[in-house]
Structures are given as C-alpha cells and as structure tokens.
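Here's the structure we're looking at; comments come further down.
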Amino acid sequence: MNITVLLVDDEVPFVDAMTRRLSKRNLNILAAYTGLQALDTISSDKKVDVVILDVKMPGMDGIETLREIKEKRPLIEVIMLTGHATVESGVEGMKLGAFDYLMKPCDIEQLMTKVRLAKDRKSEHEEKISQARIQEIALRRGD
C-alpha cells in the first residue's frame, strides 16, 4: 500500500527522526514545521493521504490547522500527536474530525497501525464518492 503522510511539527529534530523511522516502513513522508506550511502542502500536493499533526505549535496550533485541513481537503485523515495531551484538546480534535489522538512519544508500530487504518478510511470514502458519481452519470444518461 502506497501511503503519503504529511508530518507536521515545529520540533525539527522530531520531524527528522520520525521521517527516517517512517520512511523505513515504506511511507512517503512530507514535512511541514508550521500549520501554514501544512496547509500550503495539502494545497499543492494532492497525494497526501494522512496528516500526523502536533497539537502544540507556535502561531497556528494543531487544532486550528486541523480545522483548516478538514475545510480544504475533508477526505484527508488527521492523526493528532502531542506531548501535552489534555482531555479538552483531544475532544476538540475528535469533534473537528481527527481520526485519532496519540501521545508523544508513541510506539512506532501503534502509529503505523493508525496510519494504515486512516488510509483505509480515506480510500473507502473516495470509493463511495466515485460510485455515487458513476450512478449520477448513469442516471443522467438514462442507463
């Protein structure tokens, strides 16, 4: 399964380390260090399947970034990742459409499982949309 993941975190060493670890597991990794960079990336790269997003970032935080991602590209699944988890931010993220919420440091295999499940959900939604479009075209043609 070919999965493109956008990793968003303001901590450069964390992004570098996670990029190496996830790339070894055959994921295509893109990196962004701010919420605005993440939004630019999802606007320019239509292949992004899953975003791993830090909650606490200067400027545009993870919750605000999640809100914008879901507005611009609602099918992209977002896994929230934080070292400063609060119940409130977890609930807020899930209400806004986050796929899941994990604590840093997280187990890499647990993260990989979540990424695969998130990709599966995105693929299912894309398939349903394609089928609905095919049915719509068939109905218009009178098939």
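This table checks each residue for (1) at pLDDT below 95; (2) β-branched (Val, Ile, Thr); (3) in a helix (DSSP H, G or I); (4) at negative phi.
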{"residue": "Phe14", "(1), (2), (3), (4)": "yes, no, yes, yes"}
{"residue": "Ile42", "(1), (2), (3), (4)": "no, yes, yes, yes"}
{"residue": "Val51", "(1), (2), (3), (4)": "no, yes, no, yes"}
{"residue": "Pro58", "(1), (2), (3), (4)": "yes, no, no, yes"}
{"residue": "Ile63", "(1), (2), (3), (4)": "yes, yes, yes, yes"}
{"residue": "Lys70", "(1), (2), (3), (4)": "no, no, yes, yes"}
{"residue": "Leu81", "(1), (2), (3), (4)": "yes, no, no, yes"}
With the first residue restricted to the range 10-24 and required to be surrounded by fewer than 15 Cβ atoms within 10 Å (Cβ to Cβ), and the second required to be part of a loop (DSSP other than H, G, I, E, B), Cβ contacts under 7 Å at 6 or more apart or on different chains are Val12/Tyr33
Taking first residues from the range 47-68 that are within 17 Å of Gly83 (Cα to Cα) and second residues anywhere that are of a type in the set (D, E, K, R) and assigned to a loop (DSSP other than H, G, I, E, B), the pairs with Cβ under 7 Å that are 6 or more apart or on different chains are Asp54/Asp9; Asp54/Asp10; Val55/Asp61; Met57/Asp10; Pro58/Asp10; Gly62/Lys56
Among the residues of the range 29-40, the number that are surrounded by fewer than 18 Cβ atoms within 10 Å (Cβ to Cβ) and under 13 Å from the mean Cα position of the chain (by Cα) is 1
All-but-one check, Glu77 against (1) over 17 Å from Val5 (Cα atoms); (2) among the acidic types (Asp, Glu); (3) surrounded by 22 or more Cβ atoms within 10 Å (Cβ to Cβ), failing number (1)
If we keep only residues of the range 83-120 that are among the β-branched types (Val, Ile, Thr) and surrounded by 13 or more Cβ atoms within 10 Å (Cβ to Cβ), then the residue modelled with the highest pLDDT is Val115
Those residues of the range 45-70 which are of a type in the set (Gly, Ala, Ser) and within 16 Å of Ala31 (Cα to Cα) amount to Gly62
Given the conditions (1) in contact with a Leu (Cβ under 9 Å, 6 or more places away or on another chain); (2) over 13 Å from Ile69 (Cβ atoms), every one holds for Asp10 apart from (1)
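The values are calculated or read from the model by the stated rules, or taken from the named source; none is laboratory data. Being a predicted model, the structure only gives us computed values, none of them experimental. Ideal geometry is used to build each Cβ from the backbone, glycine not excepted, and the neighbour counts take in all protein chains shown.
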